[in-house]
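The values are calculated or read from the model by the stated rules, or taken from the named source; none is laboratory data. Bear in mind the structure is a predicted one, so any value in this text is a computation, not a measurement. When we count neighbours, we look across all protein chains shown, and the Cβ atoms used for this are built from the backbone with ideal geometry, even at glycine. For accessibility, only protein heavy atoms count, side chains too; no ligands or nucleic acids. Shrake-Rupley method; radii C 1.70, N 1.55, O 1.52, S 1.80 Å.
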Amino acid sequence: MYRARTTSATAYEPSVLLIVAGGTICMQDTADGLKTSQVFLDECLSPNYQFNDGTPIPPTDITDEHGVRRAARSLRLPRDRSGANVLCTVLEFAPLLDSAVAHAPTWNQLAQTLHANMASFDAFVICHGTDTLAYTAAALSFLFMSQGRLEKTVVLTGAQRSMFFADSDGGANLLGSIVLASHVRLPEVTVYFGHKLLRGTRVTKVSASNYAGFESPNAGPLCAVSETGIVVYGDNLQEKKKQAQSSPEHPANDDDEKPLPHLDSSTAIVLKVHPGMTAALLSTILSSPSLRGVILETFGAGNLPVSLVPALSGAVARGITVVNVTQCLHGSVSTAYEPARKLAEAGIVAGYDMTTEAAYTKLVYLLARPDLGPAEVKSCMAENLCGELTPPPMEKGGIDGPLSVAQLPIRVERTVTGRFTNFGG
């Protein structure tokens, strides 16, 4: 259960650190277009009764994004139906970030901020721009979850329309994030958007303007919010990793005492295969001396022109980790077709159904691990570290590639709370 700050015999106050990193949610319109604004707390949150019941709250000590210990302002949300007043402490980054330029330095800064404040709060919410939100969510997932560091809920959210506009989706996204973070015990990095809570390693942005801007193409939502209540999809949750065994992903010593890996996004690139791509062009791209990893977006189930395989094989021979993921929104790469099989024979790693965002940040994370060599990086890329991929259903001596209807497993799922149909007796 969450640590409770009690104000009476019946009231309790789960504490949430709201990290306002930037993004459309806190932007104001200017002559040069939308820009992040440092008055989000004063003009959007404090005057809004959904986020502030008006109770005077003493400042709360936090460690900010620059590693400085200081006091931050807190708001008390109105009491909800469970009788809780959520105490929300607000940390606004200075300067605020435009997500278009968010990469490894941003991920490191957010990770260090979470790490420094982890013991002081019950849960965390991060306001982030939507353009690269999926990358940040995946990066934080690997930093905290793949070695079992995370004990609390982290929710990233944002908006397609600024909260300074009347028709913004930001208020609903932010309030839902705070409620779920503070009331649902879920030790994962997640994304809340469009009334759904999604796994941080499974999301991708699917619309530049629709309020349901994110989807989780190959994995179901963790929670859904509607006018009838909050539904938690238990079958989609995952167990926290245990640290008892010793392996490259589960060292025997205490990982909580180790510093977080320092990510460097300049070590890896994403290459999208396109019709007419030449081996000469590919070889030129792969010849960069600083390159250590490549996410290769291929056609369909993992295919490309066979003429490109030698250039990729040469990169693998030079120690570059190459990972094969599909350009499609749904589905997985396999070795059902000849080109994909030749990629596997050349040492290219199958990324299965990972999103590009998850595959890229996972590779950057593994390359930053000082305890992993090239062989371990390659091996770990094909493993499911924190819910980012689905291994093939018949990987041990079974059929590789799409299954026919005669081979598909039959399962029963609960889709409506309180109703269940039993097929087959």
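Convex hull of alpha carbon positions in region 9-141: directionally averaged projected area 9.0 nm². Evaluated over the Cα positions of region 15-236, the convex hull gives a direction-averaged projected area, one quarter of its surface, of 11.9 nm². Rolling a 1.4 angstrom probe over region 268-392 with all protein chains present gives an accessible area of which 59% lies on carbon and sulfur atoms.
Across region 39-166, the mean sequence separation of Cα contacts (distance under 8 Å, 6 or more residues apart), normalised by length, yields a relative contact order of 20 percent. Rounded to the nearest whole Hz, the Karplus-based 3J(HN,Hα) values (6.51 cos²θ - 1.76 cosθ + 1.60, θ = phi - 60°) of region 207-224 follow the sequence 8, 7, 9, 5, 5, 8, x, 10, 9, 10, x, 10, 8, x, x, 7, 9, 9, with x at glycine and proline. Report note on the peptides 165-178, 264-277: ranked by the mean count of other C-beta atoms within 10 Å, highest first, their order is 165-178, 264-277. Sorting 228, 55, 132 on solvent-accessible area from highest to lowest, probe radius 1.4 Å, gives 228, 55, 132. Given H placed on each backbone N at 1.01 Å, which residues far from residue 72 in sequence or on other chains put an amide H within less than 5 Å of it? Here the answer is 60, 61, 62, since their amide H atoms fall under 5 Å of that of residue 72. For residue 300, nonlocal amide neighbours, meaning residues 5 or more places apart or on other chains whose placed amide H falls under 5 Å from its own, are 327, 328. In the chain, the DSSP beta bridges split such that about 45 percent are antiparallel, to the nearest 5. Here the 3J(HN,Hα) profile of region 335-342, calculated from phi with Karplus coefficients 6.51, -1.76 and 1.60 at θ = phi - 60°, is 10, 6, 10, 4, x, 5, 5, 5 Hz, Gly and Pro shown as x.
Amide H contacts of residue 294: 269, 321, 322, 323, each under 5 Å away and 5 or more positions distant or on a separate chain (H built 1.01 Å from N in the peptide plane; Pro and chain starts excluded).
Once each of the GluC sites (Glu not before Pro) sitting in a DSSP loop with at most 12 other beta-carbon atoms within 10 Å is removed, the chain keeps 240-394 as its longest stretch. Of the residues 344, 375, 212, the one that moves most in a GNM of the chain with alpha-carbon contacts below 10 Å is 375. Per residue, the chain exposes 46 Å² of solvent-accessible protein surface, assessed with a 1.4 angstrom probe and all protein chains in place. Counting protein heavy atoms only, region 15-236 has 52 percent of its accessible area on carbon and sulfur, 1.4 angstrom probe.
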